[in-house]
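Read the figures in this text as sums done on the coordinates, not as results from a lab. Quick caveat: nothing in here was measured; it's all calculated off a predicted structure. Here the Cβ is made from the backbone with ideal geometry for all residues, glycine too, and neighbour counts use every protein chain on show.
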Amino acid sequence: MLAPLLIMLREGLEAALVVAIIATYLKRTGRGAWIKTIWVGVLFAVALSLFVGAGLQAMQAGFPQRAQEAFEAVVAFIAVGVLVWMVFWMRAAARSIRDTLESGVEAAFARSGPGQGTVWALIAMSFFAVAREGLESVFFLLAIFQQAPGPEAPLAALAGIVLSIALGWGIYAGGLRLNLRLFFRVSGLFILFVAAGLFSGGLRSLHEAGLWNLALTPAWDLSQVLPMSSVLGSILAALFGYHETPSLGEVLAWAVFLALTLPFFLRPAPVAQPQEA
């Protein structure tokens, strides 16, 4: 299951990068004793993400069938929004994230000195960084698990988290150098195709809930050529939301989504202009 592995690798690596940047800066500026403080924020963020995920799963289980389909559609659309925001936010923020975080650390010490206020400021920095990625992951994983039931998707997501932690530690320890720009570029492109599949799948859930009844003419029937029960079909379904008999509306939703997002993602990033002295 490449999709949950890659998404959780990317989400986890973003969170790990933030924590590693803060910890590295504290260590470099002679404040290494404060590093343990940021782990409190990380643990709080992980607990919050698990609580929200369990709550949403329990809430869904109590719904009747049609309401469950509507809930799945809502989760899919939220996951699409989260994935798109994540891709474009990292594309814009990657160039300045280190300076922003280091300035935040200095501001925390400047406001109150090395006291109780600094403790809470550092906890908040790590908490919000990890909680943002964790809550994003909750909606994405719920949407993926609904489309691909079974143990493979959760295990792949767990593998992605473990790998991101290992990479984050390697970056912090200084023994690992990654081309992060290339990684986020390639993974971002892949994620947009995953989001397109979730978007079209959300439309299918709306139809099954009785809330969408337009453009339901089958676009094609590949059940004899590439059934979803086949190995390749199940992989494509898990990765990109493939369906052997999609409706015309689902195909149009998939195509329009990519037509709107890919040009903005693939355009060259603006080059920072040098400031005049």
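Summary table
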item	result
Amide H contacts of residue 242 (H built 1.01 Å from N, under 5 Å, at least 5 apart or other chain)	237
Amide N proximity, the stretch 221-259 versus residue 214 label position 7 Å along Cα-to-Cβ, cut-off under 20 Å	246-259
Kyte-Doolittle mean at least 1.0, axial Cα span of 18 Å or more - DSSP H helices of the chain	2-28, 35-61, 65-93, 116-147, 152-173, 180-208, 248-266
Fluctuation leader among 68, 60, 224 - the chain, Gaussian network, Cα springs under 10 angstrom	224
Euclidean distance between Cα centres, the stretch 228-248 to the stretch 19-62, Å	36 Å
CD proxy at 222 nm, helix term only [per DSSP H run n ≥ 4: -39500 (n - 2.57); per residue of the chain; nearest 500]	-27000 deg cm²/dmol
Point-to-point label distance, residue 267-residue 89, nm (Cα→Cβ direction, 7 Å offset)	2.1 nm
Proximal charge balance of residue 6 [Cβ under 15 Å; K/R count +1, D/E count -1]	-3
Stokes-Einstein diffusion coefficient of the stretch 2-266, Kirkwood radius over Cα pairs, 37 °C, 0.692 mPa s, in µm²/s	165 µm²/s
Formal net charge of residues neighbouring residue 216 (Cβ-Cβ distance under 12 Å; K, R +1; D, E -1)	-1
Residue 259-residue 39 pseudo-label distance in nm [points 7 Å out on the Cα-to-Cβ vector]	5.2 nm
Per-peptide average of other Cβ atoms within 10 Å, ordering 194-206, 41-53 highest first	194-206, 41-53
Amide H within-cut-off set for residue 247, under 5 Å, with H built and near neighbours excluded	219
Segment residue 183-residue 120, extension gain: residue separation times 0.36 nm, minus the distance between their alpha carbons	19.4 nm
